[in-house]
Amino acid sequence: MSSTSPSPLHLAVALDGTGWHPASWREPVARPRDLFTASYWADQVAEAERGLLDFVTFEDGLGLQSSHYGELDGRTDQVRGRLDAVLIAARIAPLTSHIGLVPTVVSTHTEPFHISKAIATLDYVSTGRAGVRVQLSARPHEADHFGRRTFEPISLESLRSEAGQERLAEHFDEAADYIEVVRRLWDSWEDDAEIRDVATGRFVDRDKLHYIDFEGRHFSVKGPSITPRPPQGQPVVSSLAHQTIPYRLVARATDIGYVTPHDTEEARAIVAEIRAEQEAAGRADEPLHIFGDLVVFLDDDEATAVARRERLDGLAGEPYTSDARIFAGTPAQLADLLQELQSTGLTGFRLRPAVAGHDLPAITQGLVPELQRRDAFRRAYEADTLRGLLGLARPANRYAAAAAAATA
Amino acid sequence: MSKPLKQIHLAAHFPGVNNTTVWSDPAAGSHIEFSSFAHFAKTAERAKFDFLFLAEGLRLREQGGKIYDLDVVGRPDTFTILAALAAVTEHLGLTGTINSTFNEPYEVARQFASLDHLSDGRAAWNVVTSWDAFTGENFRRGGFLPQDERYSRAKEFLATTNELFDSWHGDEILADQSTGTFLRDAKAGAFVHQGQHFDIHGQFNVPRSPQGRPVIFQAGDSDEGREFAASSADAIFSRYSTLDQGQAFYTDVKSRLAKYGRRSDQLLILPAATFVLGDTDAEAEDLAKEVRRQQVSGATAIKHLEFVWNRDLSSYDPDGPLPDIDPDVSDNHISKGRAQVRMYRDPLATAREWRELAAANKWSIRDLVIETGNRQAFIGSPSTVAKTINDFVQADASDGFILVPHITPSGLDPFADKVVPLLQEQGVFRTEYEGPTLRDHLGLTHPDEVRDERAAS
C-alpha cells in the first residue's frame, strides 16, 4: 500500500470524569459539580464532534474509582462516583449526529444478553454509531458488590507471577466468551427477518431468527436476542491491552485494540505481536485497528504544558503516573509524535485529556487543525456510521451466510 | 360536603409485542427505530402525560416449540431507550420494566440512579419477577428460582436496591476546588446487605439522584403481589379497567396500606387501558369492532385457542367450529414466555363453557376468540371517552390510566389532540407540569421527606 500523502489517522478521545489527571477537577474549567448531569457529558461530546473525532469512549466501573488497582483507597481528594457509561452514551446519542459513542462495559459480573441488547439499542438510538469497550474486573471488592463469586486479593504486580498469569488468562477467556455471545446475539436476527406479511399474518420469518446455543465454562446463552440486528450489523468492539494475554483477546475478538507504547520501538513490537496473534486466530484478512493511548497536556508552548502538569502534580501531592505515555507539549509536537508512532503500524490514537475542560478543546481546536494542515486527518465526516468512519464494512451475518451455504 | 375533584394521572404504554398492537395497519410504523419512540414520547409530553411506560421481555415467545411469529417481535433494551428519550423530552416520566430475577441489585441500582440523574429526576421502575427456566436459558444464573420464592427474591431485591439508593445521602460531594476536598466522607455509598438471596457489601458508586430513588411500580395481581405493592410500591400497573372490578381492586389494595404506616395517596392505582376514538360513539363502536378483527386474524385465533387447549390445533379451520377434543391438562405448556396463559386455571371448564357459547351464538373459532377477548376499555367520541375516564377516577376505580394505543407510534396522537383538552377543560388534568420530577407529577413525596415524617412521628 503506497500513497503520496500520509494515510489519515483515526482519533478518539477517552472521557473520564473531569480528565485523567487526578487533580484535574480542581482546575477552574473543570465543572466537578456537573459530573452527574447530562449537560456536562453533552458538552464534552459536542466538543469532540466539532473536532470531527471518530469516537469518544466513556470510562466506567462497578465500584468507586481508586488509585490502587486491587482495592479502594479511601481518598476524598479525587473524583469519586460515576454514572453508567452505556446510559450516558444513550443520553447523548440523540444530541449528536456523526461521532461514535463507545461506552465501557464490565464483562465480569454482567449478563452478555443484557449488554448485547443494550449496545444494539445504542446503535438504534444513534443510528449506527455505537461501539463498546469491554473491560474485565478482577477486583475482589467489586466481586463483593455482586456476591456470586469471591476473588483473591490482586495487585498489578501479582499479575506478573505465573499464578497471576493463569488467573489473568481465565478472566480473559471469560471476556472472550462474553464477546462471542454478544456478537452472536447481534447476528441472531437476519437483517430481513421482519417481513410484516399481512397475507399470512406473519410479522417475522422465524427461519431468519437463530438460536445461538452458546455453551461455555462460565455461562450458556440460548438466544435469539430480543432486539433485532442493529443498524451496523456488528457495533464496534474494542478493548485496552498491555500484555500478551489481553493482546490475544484484541486479536481474536475485537475491531480496535487500545495499546500503550512509550516509544516507537515498543509500538512496533506491540503491533507485530498483535498482528501475529491475529494471523494465528485466522483473522489476518479482517481489518483490526490498533490505537495508541496517550495522556495529553496541550498548550501553545511546551513550557506552559509542562508547567501545568507540574502544577497539577503539586495539587495532587504526587507525580501523576499512567499506564499510557504522558505527553506535555504543543499541538504541533503532538502531531509529530502521532505521525511518528503511526509509522510503526498504529492506525489511530485514543487521547486521554489530562484536564477535560482544557485539553479536549486543545485537541479539537489545536491538534485537529494541525493534522488537517498535514493532510493527516479528515476535514468533514465522510460517513454516517462508526464502522464507516473506521473504514469497516458492514459485516455479513454469520447465520445468514451459514444458511446460504447450506442451501447452495 | 362533596368530595373535591381528583386530578387524573395519565401515562402512555409504548405498543408491545402482543396482539393488541395492530402491525398490519398501513399507519403502523417501526417498533424498533428510535424515531418511533421519540414520536410517541413527544406526543405524550405534548399532552402533559405523567409518564411513558415501556415493558420488557427477555426471551422471544414460543408456541409449539417454535418462535411465535404472528405478533410484533423484537424490542429494545429498556434502560438504553429510556436514557435516549430523556434527551428528547423535558418533563415526561420514564418508566421501564426491569426483571428482578435476571439481574443483580448493584447493577440495576446504578442503572436507575444513572437514569434518574440523566433525566433530572424522571426515572421509574416497574419491578417484575419471573422464575421460568425458559427465560433463564438466556442468562448466567439460569432458571433456578422456585416459583414460590419469586416474591421473596423480588422483595429482597427491591429492599437491597433501596439500601443502595440510600447509601448516599446527597451531601457527600463537596467538590471544593480550593481545599481539594471532593468527597466529604470517604465511606460514601457504604452498604452491607446479608439476606436469603443476596449477601453483598461494599460501596455504591452513584451519588444520590434527584428523586432519591426511582418511583416504584408493581404489576402483580396475586395476593402476594398486592401485599408487595402495598408495602413497597408507589404505583400499581393493574389490569382492571372495568368500573366494578376496578373499584374492588382499588379498595382492596388501598386498605392494605395502613398496616405499613402508609397513607392512601402514597400508592396510585393505574390500570392499563386500550381505547378507540370516533367522531361519534357509533362510529367508534364500528371502528373498535374492526380493530378487534384486525387484532385476531384466523391464525391468531387458532394460536389463542391453543392457550386453553394446550394442543396443536393448526389443522382446525378458524372459521369453523371449536374442537371436539378436550384440552391437554399436562404441566408442559405449549406456549412459552407468556404470562396470560396461566389465566385459564381450569382449561376443561373453559373449553366446555366456550363450546356452549359458540354453539349458542353460532360463533366460529375466530368469532369466539374475538368475543371472549378483551374489548377496548374506552370506546366512543372524545367527549364520551373523557367523561368515562373522569367518572372512573372520581368513582375511585383508579387514579388514572396507562393508555395502550394499538398503532405504533401515532396511536396516541388523537387522544392527545382530542381527549386531553376536554379533561383539561373539566379541571381534572394538568395544563402545565407542576414540577420537574416524576414524583412531582404523581404527587408522591420524596423519600427523604418520608423518612423525616417517620422520624418525627
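Brief remarks follow.
- For region B:8-53, the set of residues classified as within 11 Å of another protein chain (Cβ to nearest Cβ), hydrophobic (A, V, I, L, M, F, W, C) and more than 22 Å from B:THR300 (Cα to Cα) consists of B:ILE32, B:PHE34, B:PHE37, B:ALA38, B:ALA41, listed by residue number.
- Taken over region B:112-146, the criterion of being among the acidic types (Asp, Glu) and within 11 Å of chain A (Cβ to nearest Cβ) is satisfied by B:ASP116, B:ASP120, B:GLU137.
- The set of residues in region B:219-244 being outside any helix (DSSP H, G or I) and under 18 Å from B:ALA397 (Cβ atoms) consists of B:ALA219, B:ASP221, B:ALA235, B:ILE236, B:PHE237, B:SER238, B:ARG239, B:TYR240, B:SER241, B:THR242.
- Residue count for region B:69-115, restricted to those that are hydroxyl-bearing (Ser, Thr, Tyr) and within 16 Å of the chain's Cα centre (by Cα): 4
- Strands (runs of 3 or more DSSP E) wholly inside region B:157-218 containing at least 1 residues that are β-branched (Val, Ile, Thr) and within 12 Å of chain A (Cβ to nearest Cβ): B:173-176, B:181-183, B:190-194, B:199-203
- Of the residues making up region A:90-119, those that are closer than 29 Å to A:ALA380 by Cβ and part of a helix (DSSP H, G or I) are A:ALA90, A:ARG91, A:ILE92, A:ALA93, A:PRO94, A:LEU95, A:ILE119.
- Members of region B:1-17 found to be of a type outside the set (A, V, I, L, M) and without any contact (Cβ under 8 Å) to a residue 60 or more places away in the chain, listed by number: B:SER2, B:PRO4
- B:VAL17 being within 25 Å of B:PHE378 (Cα to Cα) and either outside any helix (DSSP H, G or I) or in the same structural domain as B:THR274 (by TED's automatic domain parsing) (or both): yes
- Selection of region A:187-207 for residues being within 10 Å of chain B (Cβ to nearest Cβ) and within 21 Å of B:LEU58 (Cβ to Cβ) yields A:SER188, A:TRP189, A:ALA193, A:GLU194, A:PHE203, A:VAL204, A:ARG206.
- Between A:GLY100, A:GLY147, A:GLY131, the distinction of being out of contact with any helix residue (DSSP H, G or I) (no Cβ under 7 Å at 6 or more places or on another chain), among the small types (Gly, Ala, Ser) and either under 30 Å from B:LYS42 (Cα atoms) or at the interface with chain B (Cβ under 7 Å from one of its Cβ atoms) (or both) belongs to A:GLY147 only.
- Residues of region A:212-230 that turn out to be closer than 17 Å to B:GLY74 by Cβ and either among the small types (Gly, Ala, Ser) or within 9 Å of another protein chain (Cβ to nearest Cβ) (or both), as a count: 7
- Annotation: of all residues in region A:1-25 being modelled with pLDDT of 95 or more and out of contact with any strand residue (DSSP E or B) (no Cβ under 9 Å at 6 or more places or on another chain), the one that is nearest to the other protein chains (Cβ to nearest Cβ) is A:ALA23.
- Considering residues of region B:399-457 that are of a type in the set (Val, Ile, Thr) and assigned to a helix (DSSP H, G or I) only, the residue modelled with the lowest pLDDT: B:VAL450
The values are calculated or read from the model by the stated rules, or taken from the named source; none is laboratory data. Quantities reported herein were computed from a predicted structural model and do not represent experimental measurements. Note that we place each Cβ from the backbone using ideal geometry, even for glycine, and neighbour counts take in every protein chain shown.
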